[in-house]
Structure formats: structure tokens, C-alpha cells
Amino acid sequence: MVLSKTSSESDDSVHSTFASRYVRASLPRFKMPENSIPKEAAFQIINDELMLDGNPRLNLASFVTTWMEPECDKLIMASINKNYVDMDEYPVTTELQNRCVNIIAHLFNAPLGDSETAIGVGTVGSSEAIMLAGLAFKRRWQNKMKAEGKPYDKPNIVTGANVQVCWEKFARYFEVELKEVKLRDGYYVMDPEKAVKMVDENTICVAAILGSTLNGEFEDVKLLNDLLVEKNKETGWDTPIHVDAASGGFIAPFIYPELEWDFRLPLVKSINVSGHKYGLVYAGIGWVVWRNKEDLPEELIFHINYLGADQPTFTLNFSKGSSQVIAQYYQLIRLGYEGYKNVMENCRDNMMVLKQGLENTGKFNIVSKDNGVPLVAFSLKDNSSHKEFEVSEMLRRFGWIVPAYTMPPDAQHVTVLRVVIREDFSRTLAERLVLDIEKVLHELETLPCRISTKIALANEEKEAAANKEKRDLEKTREITTVWRKFVMQRKMNGVC
């Protein structure tokens, strides 16, 4: 979590059995200690606590890469002390970033000449990349509206309700209205026809998702482009498209090369992709590329010279590590087109193994599609007795982290579980996961018996209490009747 808290039911100090040979007194938990401690003690204290974290490779909730080759790990450690922003001091690192941008732009079919360089930048992830792309769209729209003498204070973006939270952040932080196309049962991505209907003169762009976080499905970018071309002709507008390819950008070019979603479509002006997802790099790297230089307003680019030579920069942050940029370049040249294709096909094959195993249980509906990001999203056919959240919770006992969540409006009544298939998720692990899910299902099936027993006991206790209350009431009534007779007899005898 970004927000920290200090409340804890445990002691305010950090204890460690092993560290006690170096430190006799416990350390404060939320304040800096007064004195230094040996490096061995510091290491042991932290290492002991980190053992309680989940296993990253069994974290099936995350799209983020959790394994890289040892050779790349060495490159990362060798460059971990290089600041990415010091371009003049580390010119080779800057050159590697530029190579990555151009490789990715060509992968996305950017219309570049033989001697033309691509327009793009490395970021800390797709969230920053989306912020930068959104700012470019907003500024271009504002400049256009100003030139036409029209109001430019109410920009909006059209997206599906299935967008990742970073789009909501962009809208809120940079004061842009987010117009969401609602989902519906069985259709969990943005409907292009509904999206185009929501476009107006103040729409700075329509955002399409190549690989929905919810079920991995690719949105129909080509249909969106064709419909928007027609609307632009009718209205005289020039509403563009941004493709959020955070998950699918390193998948579609290799196993769906004929799919038109990128710069082959004329209205696609910018694309973001996460290097730390299916770009196969550890967390901390994303990319955004623009179709042409004109699509990135020059006034958004800053030029600095206090680190040496003149350096253009267009980022939300400043300093960051160079390791992930170098790791991305390693993967691009190490794997090449053939290697990436093999990895993505293997992920897809393992996805099908898991999907088939889940279908064979007869207990689940598969919500995800075969074509898209290699993941399996599924829900219980019968969740009247037990919910998907219970399956998720019980799988943690086997070490698996499988998220359960509800769909966005208007499909919020649908709850799904999701397993993301990454490079390090093997066929063996897929088969093992199915076995553990079957164990969980078997255990859940026995729970109603236990619940029924508890309910029966509770009903018996309730009935016994009711019977006792009834007997007590009857006894009270009997006593009252006898007392009334006694009083009436006394009155008839003239006794007051």
C-alpha cells in the first residue's frame, strides 16, 4: 500500500532469535533506533520478516515478471547504481533506451522512414506511460479548441468500465471527465459502437484496451477505428485513439500478427506497453510510443543542461534506476522475434491445459477467451452455497495466490477467479493447481453438512428456549387466575 499505518497488535519492537547474538535489545518498529547495529543483524531481522511474504512465482494474481535469466540478473546488479536521468554521464544507457523505443515502435508498425527515429520514452510502468499519453492528447485538444475560439475547460476520455485504475487516476489528477461504457453479462470489454456514440467535441481520445485486466480479452480496435473514422467525417472532428497495450503489446505481434490494432490503423496515435509484464522484465519498466512527432506537443518536452549537455525530458518523475532499461534491451536481443513467439505460445498452451482441467471438474464457467492475454478467468456454476472468494481464500493454504473479484458495472453481479499464465508457470504447475482446486472444492462440499448441523443445534436451542418461555407464561397465567379467584371471593364475603 502507498499509505502507511503504524497501528499494530504486536509489540512495538522487532525481535529476532538469530539477531539476538548481535543485538541484545529489541529495535523500535516505527522510529529510527538511537544506535547502529551490525550489518549481519540488520540483514537477519529483515530476512526473517520477508520469509512471511508470499512466493512470487505462485502469485497468480500478477501480470508482472517474476523470473529472468541469471545473466540478466548480473546486468541488473551491475547497473543498479546508475541513474537513468543522467544521460550525459551514462550515454550508452541512453542509447540502449533509444534502441528499445525504436524496436518497440517498429514492432507496433509505426510509419517510420528508413532514417527516421521513433518518438517514445521509457517509464516506470504503464501507469506513467498512460499519464504522459493522456497529457499529450489533452494538450493537442486544448490547442485545437483555442485556435478555433471554443471552450477548452471540459475535456473527456471515452473508455470501457473495464479499464485499469490508472485511467481513473489520470482523469482525477488532470481534471478530465472519464466517460465509461458499461459492461454487460457475457460481454466484459468496451463495446466500440457504444463508445463512438459517447464521443463528442470535447473527447480528447478513445482508449482501447489490448488485454483486459478482468478477463484478458482484446478489444476490437479495428472496428473502433472504422466507426470513429466515419463519425469524424460526419462531424468534422478528429478524435484519435490510444491503445492501452500494457498486457497485450508484447503478445499480439508474436502470436496474432494479422490482428490490426496498432499504428496500421490511422486513428491510433499512441500506444503504451508494460515491459515488466509480457516484455519479460522485472517490475519497474514501461514504454509509450507515438505515431509521429506531431502527436507529442513540443511544449510538453523540457530541456535541461545542469547534468551536462542539453537533455530533452518528458516524464512525470526524474531520477530512477537504469537496470530495467538495460534488462529490457537484453530480452529484446536475447530472445528476438523467435524467442518471444516461443514464450507466448508456451504461455498460451499452458493456459489451455489449465482451462481444460477446470472444465473437466464440471464446476466452473470459463469467462476468459482463448485469444488474448494468456490467463484463465472462471466462476462457479453454482455459488449458492459457497462463493469464489472462499475458493480464493482456501487456495492460499496450498501457497497459491488466486484473486477473486467482482466485475465492474453493469456486470457487478458476476464474481470471477483469475489465473495469469506467465513464462515461469509451467504445465506441471498448471496440473498441480487443478488438483489443489479439486481438493478445495471437495472440502467446500462438506461444509454445508457442518453448517446444517450448527443450524440444527441452534434451532433446537431456540425451540427449547421458546418452550421454556411458553411454560413460564402458562405458569404465570395459572397463578394469576388463582389469585383473581381468591380476591373475588374476599370481596363477596365483605372483606376489603
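What is the Cα convex hull volume of the range 205-295 when expressed per residue in Å³? Mind showing how you got there, number by number?
Working: hull volume 9.3 nm³, N = 91.
Cα-based convex hull of the range 205-295, divided per residue, equals 102 Å³.
From the cross-link list Lys194/Lys341; Lys144/Lys179; Lys179/Lys222; Lys179/Lys231, which pairs have alpha carbons spaced over 23 Å apart? Mind dumping the intermediate values first?
Values: Lys194/Lys341 34 Å; Lys144/Lys179 21 Å; Lys179/Lys222 20 Å; Lys179/Lys231 17 Å.
Over 23 Å apart, Cα to Cα: Lys194/Lys341.
Can you return the lysines within cross-link range of Lys462? Criterion is Cα-Cα under 18 Å, with same-chain partners fewer than 8 residues away left out.
Result set, ordered by chain and number: Lys454, Lys470.
Apply the Karplus parameterisation 6.51 cos²θ - 1.76 cosθ + 1.60, with θ equal to phi minus 60°, to every residue of the range 95-103 and state each ³J(HN,Hα) to the nearest whole Hz, in sequence, with x for glycine and proline.
Values per residue, Gly and Pro as x: 5, 5, 5, 5, 5, 4, 4, 5, 4 Hz.
Given the range 101-159, report the % of alpha carbon pairs whose separation exceeds 19 Å. Before the final figure, lay out the partial values.
Values: 848 of 1711 pairs.
Looking at the range 101-159, the distances longer than 19 Å represent 50 percent of pairs.
Amide H of Val121 versus every other amide H placed in the peptide plane: which residues, excluding those fewer than 5 positions away on the same chain, fall under 5 Å?
Val288
Can you pull the Rg over Rh of the range 73-335, Cα-only, Kirkwood? Mind showing how you got there, number by number?
Working: Rg = 18.3 Å, Rh = 18.9 Å.
For the range 73-335, the value is 0.97.
Pull up all non-local amide H partners of Gly211: gap of 5 or more, or a different chain, and H-to-H distance under 5 Å with H placed in the peptide plane.
Distant-sequence amide H within range of Gly211: Phe218, Glu219.
Using helices alone, what [θ] at 222 nm do you get for the chain, with -39,500 (n - 2.57) per DSSP H run of 4 or more residues, divided over all residues and rounded to the nearest 500?
On the way: 11 runs with 208 residues, N = 496.
After summing the helix terms and dividing by residue count, I get -14500 deg cm²/dmol.
Using the C-alpha atoms of the chain, what convex hull volume per residue, in cubic angstrom, is computed?
Values: hull volume 151.7 nm³, N = 496.
For the chain, the hull spanned by Cα atoms encloses 306 Å³ per residue.
What ³J(HN,Hα) values, in whole Hz, does the Karplus curve 6.51 cos²θ - 1.76 cosθ + 1.60 give for the range 152-167 when θ = phi - 60°, with x put for Gly and Pro?
Karplus-based 3J(HN,Hα) across the range 152-167 equals 9, 9, 9, x, 9, 10, 9, 9, x, 5, 8, 5, 5, 4, 4, 5 Hz.
Quick one: 3J(HN,Hα) in Hz for the range 351-356, Karplus 6.51/-1.76/1.60 with θ = phi - 60°, rounded, Gly and Pro as x.
Working through the residues one at a time gives 4, 5, 4, 5, 4, 5 Hz.
Just the Kirkwood number for the range 14-151, please: inverse of mean 1/r across all distinct Cα pairs, in Å, one decimal. Spell out each step's value before the answer.
Working: mean 1/r = 0.0480 Å⁻¹.
For the range 14-151, inverting the mean 1/r across all distinct Cα pairs yields 20.8 Å.
Keeping the other protein chains in place, figure out the carbon and sulfur percent of the accessible area of the chain, with a 1.4 Å probe. It would help to have the intermediate numbers written out before the result.
Numbers: 14260 of 26850 Å².
Answer for the chain: carbon and sulfur cover 53 percent of the accessible area.
Can you give the percent of C-alpha pairs in the range 337-442 whose distance is more than 25 Å? Before the final figure, lay out the partial values.
Values: 1066 of 5565 pairs.
Here the tail beyond 25 Å accounts for 19 percent of pairs.
What is the distance in Å between the Cα centroid of the range 295-360 and that of the range 88-151?
The two parts, judged by their Cα centres, are 14 Å apart.
The values are calculated or read from the model by the stated rules, or taken from the named source; none is laboratory data. Every value quoted in this text rests on a predicted model; they were computed, and no experiment measured them. The accessibility values were calculated without ligands, DNA or RNA, using every heavy atom of the protein model including side chains. Shrake-Rupley method; radii C 1.70, N 1.55, O 1.52, S 1.80 Å.
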